[in-house]
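The values are calculated or read from the model by the stated rules, or taken from the named source; none is laboratory data. Predicted, not measured: the structure shown is a model, and the values here were computed from it. Please note: Cβ atoms are built from the backbone with ideal geometry, for glycine as well, and neighbour counts cover all protein chains shown.
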Amino acid sequence: MTIAAARAFPNIALVKYWGKRDEDLILPVAGSLSLTLDAFATTTSVQVMPSAEADAFELNGSTATGEAARRVSTFLDHIRARAGSAARARVTSTNEAPTGAGLASSAAGFAALATAASAAYGLDLDRRELSRLARRGSGSAARSIVPEVAVWHAGHDDHSSFAEPVDAPDMQMVIVTVDTAQKTVSSREAMRRTAATSPYFPAWISSTEQSLAEMVDACAAGDFTRIGEIAESHALRMHGAIEACDPPIRYLAPRSVAVFDAVASLRAQGVEGYATADAGPNVAVLVRPEHAERLRDSLAELGEARLVGPGAGATLIDPSGG
Ligand code: DP6
């Protein structure tokens, strides 16, 4: 096959990945666990172009250059090495996430690219191999290969660091967009700085290992309350470790904190939701399905609130778009 296309969705981690043990292989300091969403898809097609001199990358209708284009080419190099090919490729990608909402994620992007490009170069990879491959583009992409709830095992080398599905109770999320400005420090850079300068980083690693073990147990037990409690306190620990960097980085804005507070007061009224946030100000609230609409309506005054459910893993689609 010389042309292939794939679709993938972003994921929101309930136990976060924050820090690398190996920058080249993208091996994390600890495992993580996430929910793949059923919204904000990225669709990517890859055409192998044997006579082209360079890779070409088009994102949402515009030619991408600089760091974004370099990351795509470096990623394709892993696939070319494995496929024994020197051919360049044309990559065309679109994402459905609203601009700047922090959901046009590298996770969906590299999960779709790994799936489409490996097929275009004639590799037949199973889900575990695709997860390992997607990880090389962006760590969190390892989890967007997997549908619904995924655990990414930290592993100790390229082979052992991959994501796979875990059983979990029904859950939904309300994504509250409080700010659409681009973040000032990328998560890649902020992770490095946290590892190098945050005095809390060693505690972050050990507490993440413990949170993950508890989270896996809570998922297996179908204990939504415990899943939510772990997710919310763990997210605040990550932001604590980040805020303790030198120079400091703060992703949560006053409006983000207002969402955390509103979620806590809704809980006191019997609407069961738990807040989490990634490397930006927007907040994702894990919610019991039967409380989801009420929670969304209550949070709508604090930002654009969108209800999303568990989504599919990365999948090949018809490259003609038909
Ligand atoms: C806060 O996967 O974007 O969303 O591996 O450097 O590309 P790189 O980082 P990335 O980091 C995601 C960080 C996070 C937490 C998470 O998704 O687990």
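Say whether the condition of being surrounded by 14 or more Cβ atoms within 10 Å (Cβ to Cβ) and either without any contact (Cβ under 8 Å) to a residue 12 or more places away in the chain or over 23 Å from A312 (Cβ atoms) (or both) is met by at least one residue in segment 156-168.
yes
Somewhere in segment 100-113, is a residue of a type in the set (F, W, Y), within 16 Å of the ligand (Cβ to nearest atom) and not assigned by the TED database to the domain that holds S187?
yes
Checking H159 against (1) more than 14 Å from the chain's Cα centre (by Cα); (2) within 30 Å of A292 (Cα to Cα), which single condition isn't satisfied?
(2)
D217 is checked against (1) assigned to a helix (DSSP H, G or I); (2) within 23 Å of the chain's Cα centre (by Cα); (3) touching a residue at least 12 places away in the same chain (Cβ under 8 Å) and fails just one. What number does that condition carry?
Looking at each condition in turn, D217 falls short on (3).
Among A275, A235, A241, A284, which is the only one that is at pLDDT 95 or above, within 16 Å of the ligand (Cβ to nearest atom) and touching an Asp or Glu at 6+ places or on another chain (Cβ under 6 Å)?
Result: A275 is the single residue among A275, A235, A241, A284 that is at pLDDT 95 or above, within 16 Å of the ligand (Cβ to nearest atom) and touching an Asp or Glu at 6+ places or on another chain (Cβ under 6 Å).
Between A300, A292, A305, which is more than 16 Å from the ligand (Cβ to nearest atom), in a helix (DSSP H, G or I), under 24 Å from E96 (Cα atoms) and in contact (Cβ under 8 Å) with a residue 60 or more places away in the chain?
A292
Going through segment 126-183 one residue at a time, which ones are among the small types (G, A, S) and under 17 Å from V308 (Cβ atoms)?
S140, S144, A150, A168
Take the residues in segment 1-60 that are crowded, with 24+ Cβ neighbours inside 10 Å and part of a loop (DSSP other than H, G, I, E, B), then tell me which one is farthest from the ligand (Cβ to nearest atom).
F9
On the basis of being among the β-branched types (V, I, T) and over 18 Å from the mean Cα position of the chain (by Cα), does V178 make the cut?
Considered against the rule, which asks whether it is among the β-branched types (V, I, T) and over 18 Å from the mean Cα position of the chain (by Cα), V178 comes out as yes.
Hey, does segment 64-76 have a residue that's at pLDDT 95 or above, in the same structural domain as S131 (by the TED database), over 27 Å from G321 (Cβ atoms) and not hydrophobic (A, V, I, L, M, F, W, C)?
Checked segment 64-76: at least one residue is at pLDDT 95 or above, in the same structural domain as S131 (by the TED database), over 27 Å from G321 (Cβ atoms) and not hydrophobic (A, V, I, L, M, F, W, C).
Given the conditions (1) assigned to a loop (DSSP other than H, G, I, E, B); (2) modelled with pLDDT under 95; (3) farther than 26 Å from D38 by Cα, and given that S85 satisfies all but one, which numbered condition is not satisfied?
Single failed check for S85: (2).
For segment 138-153, check the following and say yes or no: at least one residue is within 10 Å of the ligand (Cβ to nearest atom), assigned to a loop (DSSP other than H, G, I, E, B), outside the structural domain of A221 (by the TED database) and not hydroxyl-bearing (S, T, Y).
Yes: one or more hits.
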